[in-house]
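What follows is calculated from the coordinates using simple rules that are stated; it is not laboratory data. It should be emphasised that the depicted structure is a prediction, and the values quoted were computed from it without experimental measurement. Positions of Cβ are backbone-derived with ideal geometry, glycine not excepted, and every protein chain shown enters the neighbour counts.
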Amino acid sequence: MRDWLQVVVLLVLAIGLPPVVVAVCTGDVERWRTYRAAARLLRRFARWRPGAEVRVLRRPIEDVVADLRRLHGAFNRGGMRFAKWEGCRQAYDHVLGEVAEMVEVPHLLAVLPPGTELDRERERIEDLLEDAGLLPRRWAA
C-alpha cells in the first residue's frame, strides 16, 4: 500500500518541483505559497487513516469490584504499621476511584491531599457504592 503512495508522491514532486524552483528564483512568492499549501494538503492526506476507532481500555467491572472488596477489608482492618496502612489506602483510593468512574459517579479521590476532606470524600463514594450494591453494608461487614 505504501508503494503506490511513494510513486504518487515522487510523480507529484517530479512534476511540481521545477515550477516551484522557477517561482522562487523569479521572486513569484504567491505562486510558491500555492505549492506549499498543496504539499501541506498532500501530507495531511497521507497521514489520514480511515476507520480508526478509539476504544477505552478498562478492566471488567467484576474484577475491579473484587479488588475493591478485598482492599476494603484490608483497609478497614486495624493494627497495621503506618507504611502498610498508607500503601493500602492509596491502592484502595485508586480502585475506589476506578469503580466510581465505571458507574459514572463524580469523585475527587485523585486530587484531594490526605486528610479529613479525602476521608469524607471516601465515605461519600463508599455510601454511593453501598447503595448500588457494589460494596457490602458497613453494619453487615
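For ILE61, project a label point 7 Å along Cα to C-beta. Then give me every residue of region 86-110 with its amide nitrogen under 12 Å of that point.
99-105
Under the classification rounded if a/c is under 1.5, otherwise prolate if a/b is larger than b/c and oblate if not, where does region 69-129 fall, given a ≥ b ≥ c as square roots of the Cα gyration tensor eigenvalues? Don't skip to the end; give the middle numbers.
On the way: a/c = 1.99, a/b = 1.51, b/c = 1.32.
Prolate.
For the residue pair VAL21 and ARG81, what label-to-label distance in nm results when each label sits 7 Å from Cα along the Cα-to-beta-carbon direction?
Label at VAL21, label at ARG81, 7.4 nm between them.
How far is it, in nm, from the label point at ALA132 to the one at GLU101 when both lie 7 Å from their Cα along the line to the Cβ?
So the two model labels end up 1.3 nm from each other.
Mind listing which trypsin sites (Lys or Arg not before Pro) in region 51-134 are in a DSSP loop and have 16 or fewer other Cβ atoms within 10 Å?
Details: sites: ARG55, ARG58, ARG69, ARG70, ARG77, ARG81, LYS84, ARG89, ARG120, ARG122, ARG124; in loops: ARG55, ARG58, ARG77, ARG81.
Those that pass, being in a loop and sparsely packed, are ARG55, ARG58, ARG77, ARG81.
Which whole-Hz couplings ³J(HN,Hα) result when phi for each residue of region 60-76 is put into the Karplus expression 6.51 cos²θ - 1.76 cosθ + 1.60, θ = phi - 60°, listed in order with x for Gly and Pro?
x, 5, 4, 5, 5, 5, 4, 5, 4, 5, 5, 5, 4, x, 6, 6, 8
Computed over the Cα atoms of region 97-141, what is the ratio Rg over Rh, Rh following Kirkwood?
Values: Rg = 10.8 Å, Rh = 11.0 Å.
Checking Rg against Rh, the ratio lands at 0.98.
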